[in-house]
There are 2 protein chains.
Amino acid sequence: MSFDKLIDRIKETKNPTVAGLDPAFSYVPEYIKAKYAHIADPLEAAAKAVLEFNCGLIDALCDIVPAVKPQAAYYEMYGWYGMKTFAETISYAQKKGMYVIADGKRNDIGSTMEAYATAHLGQIELYGKKVAPFGADALTVNGYLGTDGIKPLLAPCAEFDKGIFVLVKTSNPSSGELQDRKLYNKKGSPSGNVYEVMGAMCESWGEAVPGSKYGYSGVGAVVGATYPEQLAELRGKLPHTFFLVPGYGAQGGGGKGVAGAFDENGLGAIVNASRSIICAYKKEGCDEKEYAAAARREAIRMRDDICSYINLK
Amino acid sequence: MSFDKLIDRIKETKNPTVAGLDPAFSYVPEYIKAKYAHIADPLEAAAKAVLEFNCGLIDALCDIVPAVKPQAAYYEMYGWYGMKTFAETISYAQKKGMYVIADGKRNDIGSTMEAYATAHLGQIELYGKKVAPFGADALTVNGYLGTDGIKPLLAPCAEFDKGIFVLVKTSNPSSGELQDRKLYNKKGSPSGNVYEVMGAMCESWGEAVPGSKYGYSGVGAVVGATYPEQLAELRGKLPHTFFLVPGYGAQGGGGKGVAGAFDENGLGAIVNASRSIICAYKKEGCDEKEYAAAARREAIRMRDDICSYINLK
């Protein structure tokens, strides 16, 4: 009911990073695309090529990287065939021992949010059988709608031992337009800003799904690597909230910048890189058939970069 | 590149409402479920039953209701088979002349948000062919990430004549936890609250996709029927922003309460009801085989209720 399972895996691999599986079609090597060119429906062909691409990456990363984070947009982009690949990618990664964070940033209220929880983390009973529609281990969510949008996730998190990551301070340049805006409290006095309020709500929501081993609840926060000061500030203020940190690599954050996200044991955060890992073969300029090996090399480089700044044992 | 197409259809049908297609499995009549019970995979069986349910509703509503709003969660809940039903529902409704609002509340940044735009509103080129993965007419989105999360949608809206609805003030009880919080401006003076800032951003984003017939841009706002005062206040402050108004019916808002969302011509808003329409047969207590006729009766009742308070010609 918390992130204990993820943290166990981070400790086993001595690696607090997650590989983002964001398969834009231009990232897929040509030799893989060519295998499916005979299929009449281009969405079906592309979705199959993406699945092969992903499985190659997972095979190359599963013993050294604790988790993958498939980003839903890059699967919806291939229509329902893409969502089949999304489901098959999750299942394949889990079979290989990886923790899977479905990056969907889902948000809604009441019974609709329950439906998202069922879809991505839970099970649905249909025709007398219980099935897990997508069955990820964790889901990213957007808390703009308040507690009504988060509460429906907490029972499935507890029942199926899953977690959620709520957007708090995102990695993009314009994230401050709303998230950094200063607020009043109910008495009319200044009371921090929007992302701090959201962070405090994460701590509060997390009380329903406490961790038993490391002190981190099942309600985590997304905090961008591109804002190192806020990362360190939030780490101090949110002692039970595990962080998912995007923005390392292609977006500009480095190992030193993310160090503030971690606690004194080198835990408390997992850092994501997507493009820099899955497109490492393009940056290296190696043969495209070596794409998976290149991804592994970049994942090791990233792990060593981050671990040189933290105290993970 | 705006909501002109939707407004044309509202004027043709003299009906500013949209039917939410949120097919929880318990809403589907037993006689439809039974037809698919022989299918081995319960997700496939359920998704096929949902499609038949939806098509029956669309057939019964298409000449009197201008639009449908399938809610993505209720399709993802049936796994990728559900997303196939989502795509087929969109396509069927459009063939019947209805405007389709995909209710996904999607949100992300940069190229990931572009992928969502492609998935739901745009086209993707694969293997030399251009295809529309889901092809809705409009998409609901969450603006918590700021301009980086909205800008990628504006070009596809312009190119393919689509629209978006940004969450501004949602219909749920806890929406105020964040959305009603008071803000400072850059000079340190009080400057309204979170939902007002989001509303003002909608006006600003809409300048890139202006309307040519009715003055409403392609960037709309979601404003809940459960907060009548804010509806009227926002209608006054956001003259170019078309409203999607959830919360009528099952959530408690009525015709009088939503009247403030409309302009002096009875335009400027479309009011959604989901459960009260698609489950009307349960409330009526009629034979479940009459579910579509009952939905039509409720849709007419709702239309007449709302139109009795506004000036739509």
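What follows draws every value from the coordinates through simple rules; no lab data is involved. Bear in mind the structure is a predicted one, so any value in this text is a computation, not a measurement. All Cβ positions, even for glycine, are placed from backbone atoms using ideal geometry, and neighbour counts span all protein chains on display.
Per-structure values
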{"item": "Total lysine pairs under 27 Å (Cα atoms) in segment A:1-87, excluding pairs fewer than 8 apart on one chain", "result": "14"}
{"item": "Whichever aspartates and glutamates have a C-alpha closer than 20 Å to that of A:K130, once near sequence neighbours (fewer than 8 apart) are set aside", "result": "A:E88, A:E114, A:E159, A:D161, B:E30, B:D41, B:E44, B:E76"}
{"item": "Under 23 Å from B:K182, Cα to Cα: lysines that are on another chain or at least 8 residues apart", "result": "A:K169, A:K182, A:K186, A:K187, A:K237, B:K169, B:K237"}
{"item": "222 nm mean residue ellipticity, helices alone, for chain A (DSSP H n ≥ 4; -39,500 (n - 2.57); rounded to 500)", "result": "-13000 deg cm²/dmol"}
{"item": "Exercise: per-residue mean of other protein chain Cβ atoms within 10 Å, A:41-48", "result": "4"}
{"item": "Point-to-point label distance, B:K187-B:E288, nm (Cα→Cβ direction, 7 Å offset)", "result": "6.4"}
{"item": "Spherically averaged projected area in nm², based on the convex hull that wraps the Cα atoms of segment B:4-307", "result": "16.4"}
{"item": "Measure of compaction for segment A:1-76 (Cα Rg per 2.2 N^0.38 Å)", "result": "1.32"}
{"item": "Proxy reagent accessibility, fewest Cβ within 10 Å first, across A:H120, B:H240", "result": "B:H240, A:H120"}
{"item": "Backbone HN-Hα couplings from phi across segment B:113-118 [Karplus 6.51/-1.76/1.60, Hz, Gly and Pro as x]", "result": "5, 4, 5, 5, 4, 4"}
{"item": "Segments A:9-21, B:65-77, B:161-173, A:300-312 sorted - mean Cβ within 10 Å per residue, highest first", "result": "B:65-77, B:161-173, A:9-21, A:300-312"}
{"item": "Net charge of neighbours whose Cβ lies under 13 Å from the Cβ of A:L178, counting Lys and Arg as +1 and Asp and Glu as -1", "result": "-1"}
{"item": "Radius, Kirkwood style, for the protein assembly as shown when every pair of distinct Cα atoms is counted (Å)", "result": "24.6"}
{"item": "Cβ-derived FRET efficiency at R0 30 Å, A:A155 paired with A:D304, nearest 0.05", "result": "0.15"}
{"item": "Exposure proxy order (Cβ contacts within 10 Å, fewest to most) of A:K313, B:K5, B:K283, B:K84", "result": "A:K313, B:K283, B:K5, B:K84"}
{"item": "Cα centroid of segment B:205-242 to Cα centroid of segment B:268-313, whole Å", "result": "24"}
{"item": "Bridge type composition, segment B:4-307 - antiparallel percent by DSSP, nearest 5", "result": "15"}
{"item": "Cα gyration tensor category, rounded, prolate or oblate, for segment B:233-309 with a/c compared to 1.5", "result": "prolate"}
{"item": "Per-residue mean of C-beta atoms belonging to partner chains within 10 Å, peptide B:196-203", "result": "1"}
{"item": "Part-to-part distance (alpha-carbon centres) for segment A:55-89 and segment B:143-183, which is given in Å", "result": "27"}
